[in-house]
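Laboratory data are not the source of any read-out in this text; all were calculated from the coordinates shown. Since this is a predicted model, take the numbers as computed values, not measurements. So basically every Cβ, Gly included, is an ideal-geometry build from the backbone, and we count neighbours across all protein chains shown.
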Amino acid sequence: MALLKATALEFAILAGHLLLYPSGIAQERRTTPKLPQDTAQLPTETNPPVVLLHGFIDNRSVFVLLRRSLAQHGRHQVESLNYSPLTCDIRSAAELLGRHIEGICERTGSRQVDVVGHSLGGLIARYYVQCLGGDLRVRTLVTLGTPHAGTSVVPLANAHPIVRQMRPGSPVLEELARPAPGCRTHFVSFWSDLDHLMDPLETARIDHPDLTAENIRVTGIGHLALPVHPAVATGIRQALDTARPGSGATPRPGGLTVA
C-alpha cells in the first residue's frame, strides 16, 4: 500500500514538474542586497545564503516549493544554479558551482553558504567540498536522494558520460572515497526507502570515516518527492538551522515518516 501511494505521488509530482519545467530553463536573475555604504561587505542576515542545485536533466524549477518554505521561515538569500543538461562531467560542474558560490559570497558579504543538492546535484556539491577546497565555503551540505556510493539503476543510461560517473566504482566516486581529513563541512543526507533510482537504496547514505555526516531515512515517498514534500522541507530547515554536532544542540532523529 505504501509503495502504491508513493508511486502515485511520484507520477503526480512528475506531471506538475513537467508543467513548471519551462519556467526554470533560464538562469534566475541575480540580485545584490542593498546595504549601507559603510557596511557594503557585511551579510544582511545571520544565516548564510542557501544554494539549491538540481539533479540530472532538471533545472531550478524543482525547488519552487522548497524555496517558498525557506523564505517563509526567514531564509531570504536563496539562489538556484542551473547547470547545462548537456553537462558530461561532475568535476566541471563542481568547478562551475565553486565559481557561483564565490560570486554569491562577493555579492552578499557572507563567508560561507549552505547548499541543498537533489540527486546528482548533491554529488556535484560533495565533489566541490571534498576535492576542490569547497569546505572553506560550504557550512552545511544537504543531499536529497544522492547516489553517494553509486547506483546501478537503468543500465541502458550508461551511454551518457555523467551517468557512468554515478556508477559504483567510477573514478569520480573513488575520488570521493579517498581520505578527507579535516573536512569542515557538515553533511546531512536524506535518503528514501522507496527511491526507485537508488540501487541499492542505502547508496544515498554518506558513509565516510572522515566526514561529519547525518543520514536521515525518509519513509513513504520516492525520489521525485524529496525536494517538494513539506515534511522533508521541514527536515531540511532543521538541518540548516541546527548547530553542528558537538556544539550542544539536540540531536535530530535518524528517521522521517511522511506516509
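Within the stretch 119-166, restricting attention to residues that are crowded, with 24+ Cβ neighbours inside 10 Å and without any contact (Cβ under 8 Å) to a residue 40 or more places away in the chain, the residue that is nearest to Ile90 (Cα to Cα) is Tyr128. Scanning the stretch 201-222 for residues being closer than 22 Å to Gln130 by Cβ, in a loop (DSSP other than H, G, I, E, B) and of a type outside the set (Lys, Arg) gives a total of 6.
Out of Asp193, Asp135, Asp199, one residue alone is more than 22 Å from Ser84 (Cβ to Cβ) and touching a Cys at 6+ places or on another chain (Cβ under 6 Å). It is Asp135. The one condition from (1) closer than 25 Å to Gln238 by Cα; (2) of a type in the set (S, T, N, Q); (3) part of a helix (DSSP H, G or I) that Ser80 does not meet is (3).
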